[in-house]
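Once you've had a glance at the structure underneath, I'll fire off some questions.
The values are calculated or read from the model by the stated rules, or taken from the named source; none is laboratory data. Predicted model, so just to flag it, every value in this text is computed and none were measured. Neighbour counts are summed over all protein chains in view; Cβ atoms, including those assigned to glycine, are modelled from backbone coordinates with ideal geometry. What goes into the accessible areas is simple: the full protein's heavy atoms, side chains included, and nothing from ligands, DNA or RNA. Shrake-Rupley method; radii C 1.70, N 1.55, O 1.52, S 1.80 Å.
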Amino acid sequence: MRRTYLAVSVAIFAGLLVAAWVTHDTGIKINDPENNIFIPTELTTTLQVKASYDNENIYFRYRWPVVRPSLFHDVLVYRDGNWEREKGGVGPSENFLNEDRVSMMIDDGSVPLFSRYGGYITIGDRLTTFTGAPKGGDERTKYLPDTRTDPNNFDSVKAESDLDILREAGYFIDLWQWRSSRSNPVGLGDDGFVAEERSGDQGVGPYYTNWDKELNQPKFMFDQQVTGQNALNFDDVVAGNYNFDDAYYLSDATAIAFDPNIEWKNGDTIPRRMLRAEEGSRGDVVQPSASRWEDGYWDVTLVRQLDTGNPLDDKIFRDKGSYDLAFAVFRNASTMRWHYVSLPMSLGLETDAQLVASKFAGDAPGWEQDWTEVKMFYPGQVSWGRLTDPKTHPGADKIAERVPVAYRHSEKQLALYGVEVEFAGAIYNQWLLTLFASLLLIVAMGININLLITRRES
Amino acid sequence: MAVYHILVSHFPIALWLTAYLFIALRTFSDAQIIVSLEKSIWPLILLGSLAGAIAYIIGLQIYPWSAITQSPLGRNHIMLATWTLSYWTVMGILGFKLRRHLFEGAQKWIAFTLGSIGALVVVITGTLGGSLTGTPSLVTKSLSYVGWNVYTTFYIPTWMLAVFVLGAIVLVVLGFAGRRYKN
């Protein structure tokens, strides 16, 4: 009988261990839109890149998987006499109202640490969409640490004269962007920067807001004579029934001034962005032609002059030069921080690097070279302040020693860590409780064995 | 402190795994030389626990508590190290109190099972330590094949915590209930 008790006890102990193994890592990581928390189903993906250049221009070609292309960003929908804004929110947009995007950060060695830590250095104090970020006010964008008197205080921006000196010294990151809704239909990219903020270069960007605040109505609608319609249908927008052959975007070629006297009906939909030609330095990055999504992939090409003549806005490329890049892709109708990023990688113009841009002769690159595969990962909510503080990151001393992130962490690992940071407090508490409960179980098992082991006489 | 932690950690690992080797040998053999090894099992385990306690204390000095407990890998290493130390200490006390009785009849299989669990926990703790210092092993990868990515914190849901506490109570009650019987 005693042996039966012992066997049952061991079975209970082993069963509890198995149950713990099966149920671990559950019950905490639950999406919480109120606190800006949404964890993507896929934590990693792959971006394919090629680069080519000639004596004038440099081309980058990007290819990444997207199940369904998102051709719209935010839209205006007519409902019972009013035009209402419809847009995506936290995580992926169910209505596919977040555009797909690719962006690329470029540095020429002027920004310390970018080559080692990439975009992490731009993630400052409680940026917009981070849990606990101040609500309202201007967007709290990425910024570079040295643009603040205290890098961990978003509001401690240095004096304009100091920022100018930093800019002259090349302390900014060039930022190229392509947007499936707000730039692609008219064959444009968007040229920006990250310094004291993330913003567009000097000049005019590829879009502006199609909304007349005074009249509380859109400024533009579709030109019936050109597009055969005054508006799109919201159900068709949500269902993805518009494609590249349709006039689904507003531009000088497809739009006319809004007419409130038309008999609008519920569900009529007008894009909230009007596309336009770019001007100035902001218009440096363009496409050879509008890009297309095909067979589950976006295939995007951007081109820019090697030397734009705007050295305070752009990193100037030179033959045989070496640079550092970091990428981000937005897919499956997600925006803001719900993107996939890369670790920094080196670019060489016909010189050794992780991504080698090959020189071509003729009118356009032949793209004969193989794709360079770039692992992309969901970064979660990991700020530069957290990473450099020895009280919150065991590897802070390694950062102080300038050990590159790729030496210690893989992309998958960083994605998992990024998710854990979003639930840091709750996971810590649960971990402590698990520690104490398991200790209790071990001690109980010891008492049990001590009581039940049979001691035969000598 | 990291280098000293690594240095000292190898002592308990060696002592506990040697004890496990002797447990395994004793489980499968009644040869005189193997039986004579039986007496050294509990001293090996408790010496291992002493060295383990020292390694544990040194390990906690490497990083600030606030930092190491922000790291999933750090949390896991602390948890596994705590399990290992406590588990083998309990095993050592059992070995001291029960001596040869642990290997009498079918009870030797209990000793072998408990020893095997202990050896497994030692190996996982060690490999997590290696991962933490930037040298992950195949063991780290293997764990992901059986359901645990070590770069996520090991914790159990609240309802399972309650089951653990209940299980602990049941084990103690079973112990007291079962000892009324002679065999």
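Within 10 Å of each Cβ in A:2-15, how many Cβ atoms from other chains are there, averaged over the peptide?
5
Heavy-atom accessible area per residue, the stretch A:42-407, 1.4 Å probe: how many Å²?
Heavy-atom SASA per residue in the stretch A:42-407 reads 43 Å².
Shifting gears a bit: Taking a temperature of 25 °C and a viscosity of 0.890 mPa s, what whole-number D in µm²/s does Stokes-Einstein yield for chain A with Rh from Kirkwood over alpha carbon pairs?
Stokes-Einstein gives a translational diffusion coefficient of 99 µm²/s.
Carbon and sulfur together cover what percent of the accessible area of the stretch B:2-155 at a 1.4 Å probe radius?
75 percent
Please report, ordered by residue number, every helix of chain A (full DSSP H runs) that is 27 Å or longer along its axis going by C-alpha atoms and whose mean Kyte-Doolittle hydropathy reaches 0.0.
Values: long enough: A:2-23 (31 Å, 1.40); A:424-452 (41 Å, 1.59).
Going by DSSP H runs, the hits are A:2-23, A:424-452.
Please work out the Cα center distance from the stretch B:100-146 to the stretch A:83-113, rounded to the nearest Å.
Cα centres, the stretch B:100-146 to the stretch A:83-113: 46 Å.
Count neighbours as other Cβ atoms within 10 Å of each site's Cβ, and list the GluC sites (Glu not before Pro) in the stretch A:366-458 that are DSSP loop with at most 16 such neighbours.
Counting only loop positions with at most 16 other Cβ atoms within 10 Å, the GluC sites (Glu not before Pro) in the stretch A:366-458 are A:368, A:401, A:457.
If I take R0 = 41 Å and measure r between the Cβ atoms of residue B:1 and residue A:320 in this structure, what FRET efficiency does the formula 1/(1 + (r/R0)^6) give, to the nearest 0.05?
Given R0 = 41 Å and the Cβ-Cβ separation, E is 0.30.
Just need log10 I(q)/I(0) for the stretch B:2-155 at q = 0.17, 0.18 Å⁻¹, Debye formula, equal scatterers on the alpha-carbon atoms, no solvent, rounded to two decimals.
-0.94, -1.02
Just the number please: accessible area per residue for the stretch B:2-155, 1.4 Å probe, all protein chains included, in Å². Can you show the working numbers first?
On the way: 6710 Å² over 154 residues.
On a per-residue basis, 44 Å².
Follow-up. Taking one equal scatterer on every alpha-carbon of the stretch A:42-182, how large is log10 of I(q)/I(0) by Debye at q = 0.13, 0.15, 0.19 1/Å?
Each listed q corresponds, in turn, to -0.85, -1.06, -1.32.
Kindly state, to the nearest 0.05, the FRET efficiency for residue A:266 paired with residue B:99, given R0 = 60 Å and r defined as their beta-carbon distance.
On the way: r = 85 Å, r/R0 = 1.42.
The pair residue A:266/residue B:99 has a calculated efficiency of 0.10.
I've got another one for you. Within the stretch A:221-279, list the trypsin sites (Lys or Arg not before Pro) lying in a DSSP loop whose Cβ has at most 13 other Cβ atoms in a 10 Å radius.
For trypsin sites (Lys or Arg not before Pro) across the stretch A:221-279 that sit outside H, G, I, E and B with at most 13 neighbouring Cβ atoms in 10 Å, the list reads A:265.
Right, something else. Roughly how far apart, in whole Å, are the Cα centres of the stretch A:394-458 and the stretch A:128-199?
Comparing the Cα centres of the stretch A:394-458 and the stretch A:128-199, I get a distance of 38 Å.
So if R0 is 30 Å, what FRET efficiency would residue B:25 and residue A:21 give, r being the distance between their Cβ atoms, rounded to the nearest 0.05?
0.60
Loop only by DSSP, 13 or fewer other Cβ within 10 Å of the Cβ. Give me the GluC sites (Glu not before Pro) in the stretch A:211-305 that pass, ordered by residue number.
A:214, A:263
Something else about it: Please identify which residues in the stretch B:27-55 have an amide N closer than 19 Å to a label point set 7 Å out from the Cα of residue A:7, following the Cα→Cβ vector.
none
Under 19 Å from the 7 Å Cα→Cβ point of residue A:133, by amide nitrogen: which residues of the stretch A:92-114?
Counting backbone N atoms under 19 Å from the label point, the list is A:92-94, A:97-105.
Chain pair A, B: how much accessible area is buried, both chains summed, with a 1.4 Å probe, in Å² to 100? Intermediate results must be reported in sequence, preceding the final value.
Values: alone 23070 and 11550 Å², together 28400 Å².
Heavy-atom accessible area buried at this interface is about 6200 Å².
Here's something else I'd like to know. Between residue A:359 and residue A:213, 0.36 nm times their residue separation minus their Cα-Cα distance comes to what?
Net length gain for the segment: 47.6 nm.
Could you name the lysines in cross-link range of residue A:158, using Cα to Cα under 19 Å and dropping any fewer than eight places away on the same chain?
A:142
Under 17 Å from the 7 Å Cα→Cβ point of residue A:84, by amide nitrogen: which residues of the stretch A:37-74?
Residues passing the 17 Å test: A:74.
If the chain between residue B:182 and residue B:159 were fully stretched, how many nm would it gain, using 0.36 nm times the residue separation less the Cα-Cα distance? Intermediate results must be reported in sequence, preceding the final value.
On the way: separation 23, 0.36 × 23 = 8.28 nm, distance 3.63 nm.
Roughly 4.7 nm would be gained on extension.
Inside 10 Å of the C-beta atoms of A:412-421, what's the mean count of C-beta atoms belonging to other chains?
4
Report, as an integer, the average count of C-beta atoms from other chains found within 10 Å of each Cβ along B:108-119.
Values: counts 0, 2, 8, 2, 0, 3, 6, 0, 0, 4, 0, 0.
Mean shielding count: 2.
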